[in-house]
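Comments concern the structure below.
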Amino acid sequence: MNPEPGAQIHSTDPFAAPAGQRSPVRRLRGRLAAPVTLWTAPGPAGLTVSSTLVAEGEPARLLGLIDPESDLWAAVEEAGRFAVAPLGPRHRQLADRFAGLFPSPGGLFALDAWTETPYGPVPADAGGWAGCRLDTAREYGWGLLVEATIESVDLPADTLPLLHYRGRYRELTD
């Protein structure tokens, strides 16, 4: 019992499952560093996605796992297209907002500067973005595997990526 009034701040997550009860698959996934991207669609709608893969070829393809119940999926399904922007270290708060982890007074797109594209709005300070045409989607695990053709790529600046690793955002260091 805390004799002092007020709340106690824990150094660990008091709601985390004990180590022996954690899913080994989830622990494996947590040990794979993943790029943090923002997917947006006309509407607008958006979602932070860390399971994005680009496959080179003719045509180039993009795959990702998203929440089938998200507003983003409804907008992508209706528009048939979406934008994907890799996020950088300065976008941590934006990533949390679109992941539903940080408040977004006025809506997800109320803050920050946005560039309108035919595929959806993208952060004006993003290091680039890709415009994608939806090809197909199917249930895959607990998510929805989205397959798309990359129709447009804009890479105005070379920026460092924001990574998701073991439940936290990380940055590249040399």
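The values are calculated or read from the model by the stated rules, or taken from the named source; none is laboratory data. What you see is a predicted model; the values in this text were computed from it and never measured. Cβ coordinates were reconstructed from backbone atoms using ideal geometry, including for glycine residues, and neighbour counts include every protein chain displayed. These accessible areas exclude ligands, DNA and RNA; they are computed on the full protein's heavy atoms, side chains included. Shrake-Rupley method; radii C 1.70, N 1.55, O 1.52, S 1.80 Å.
Here are the numbers for this structure:
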item	result
Pair Glu139, Ala16: separation of 7 Å Cα→Cβ label points (nm)	3.2
Stretchable slack from Thr149 to Leu172, in nm (0.36 nm times residue separation minus alpha-carbon distance)	5.4 nm
Area accessible to solvent at Ile66, 1.4 Å probe radius, in Å²	10
Accessible surface of Ser50 - all protein chains present, 1.4 Å probe, nearest 10 Å²	50
Net charge of neighbours whose Cβ lies under 9 Å from the Cβ of Thr149, counting Lys and Arg as +1 and Asp and Glu as -1	-1
The stretch 92-173, accessible surface, carbon-and-sulfur percent (1.4 angstrom probe)	52
Space enclosed by the convex hull of the alpha-carbon atoms of the chain, per residue, Å³	170
Point-to-point label distance, Phe102-Asp158, nm (Cα→Cβ direction, 7 Å offset)	2.7
Accessible surface, the chain, averaged per residue in Å² (probe 1.4 Å)	65
Within the chain, helix-based [θ] at 222 nm, where runs of 4 or more DSSP H residues each add -39,500 (n - 2.57), nearest 500	-3500 deg cm²/dmol
